[in-house]
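Down below is the structure, laid out as structure tokens.
The values are calculated or read from the model by the stated rules, or taken from the named source; none is laboratory data. Small disclaimer: the values here were computed from a predicted structure and weren't measured. Because the Cβ atoms are built from the backbone with ideal geometry, glycine has one as well, and the counts that use them run over all protein chains shown.
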Amino acid sequence: MKYFLFSLGLCCALLVGCGSSENALNFFSLQDDIALGEQVRQEIECDSSELIILDSTRYTAIYGYLYGIRDSLLNSGQVHFKDEFSWRIRIIQDDSTLNAFCAPGGYIYIYTGILKYLEAEDQLAGVLGHEMGHADLRHSTRQLTKMYGVQTLISLVAGDREIIKQVTSSLIGLSFSRTHEKEADECSVRYLCPTGYNSDAGALFFEKISKEGVVNPPEILSTHPDPGNRVEAYRTHKLTYGCTGTLNQEERYQKMIETLP
């Protein structure tokens, strides 16, 4: 078992990447993020009764496709912890859930529901960029510091299985603050900007959700009062950073999604 290099003193987390984050105080070190992510990965992937993970050896084409998009974002020069974090991708088979999340340390999980809901590759890149932004800015462990008391975090460090299960459940359905969501949106634009993709493609997801009036919106929308404001912010960031990419790769995306079960 990996143990966390946990400090009981309130440590000021490094402010990097796509903006200055609120709640900068974080009990977790960078190495703690990496170790916690591995614990969460084990908890998610060893308990098949909760979440079904598509086998990466059986679905090599779709995984290779996703890793190609991920690599484009990592090679943008904008991801601060590009080399420190895992950035490992797994697909969760659940067509009813429009969600994706990135655990600390860069462990990325994408539901088949959102893969089938999106319409083009640039939209997926936008969603991936958003989730990667949360990890790169260490939002999850900032939120855990805020949610749990010191005693609970000490138990987490000690490897308490029940606490690890509790934290894993919290991370899967974690709701971020408006500020953190805005920062992750900005990261999405910045990561996509050098790639040739339409850099504000993440906004198209919110437009579609808003237009169709989805009954149970994903966590990515849970703390925002108005998706319209969010769309406007994406487009403002695109102008601010001078992004000119137009690729959406809709046809290629649709062909790849057909390989999902």
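Brief remarks on what is shown
- Annotation note: of Leu128, Leu51, the sole residue that is closer than 22 Å to Phe176 by Cβ, buried (at least 16 other Cβ atoms within 10 Å of the Cβ), of a type in the set (A, V, I, L, M) and at pLDDT below 95 is Leu51.
- Boolean, Ala135 is touching a residue at least 24 places away in the same chain (Cβ under 8 Å), aliphatic (A, V, I, L, M) and surrounded by fewer than 21 Cβ atoms within 10 Å (Cβ to Cβ): no
- Any hit, the stretch 57-68, residues being in contact (Cβ under 8 Å) with a residue 60 or more places away in the chain, in a helix (DSSP H, G or I) and small (Gly, Ala, Ser): yes
- Scanning the stretch 226-261 for residues that are out of contact with any strand residue (DSSP E or B) (no Cβ under 6 Å at 6 or more places or on another chain), at pLDDT 95 or above and outside any helix (DSSP H, G or I) gives Tyr241, Gly242, Cys243, Thr244, Thr246, Asn248, Gln249, Glu258, Thr259, Leu260, Pro261.
- Considering the stretch 71-99, the residues that are without any contact (Cβ under 8 Å) to a residue 60 or more places away in the chain and part of a helix (DSSP H, G or I) include one that is nearest to Gln254 (Cα to Cα), namely Asp71.
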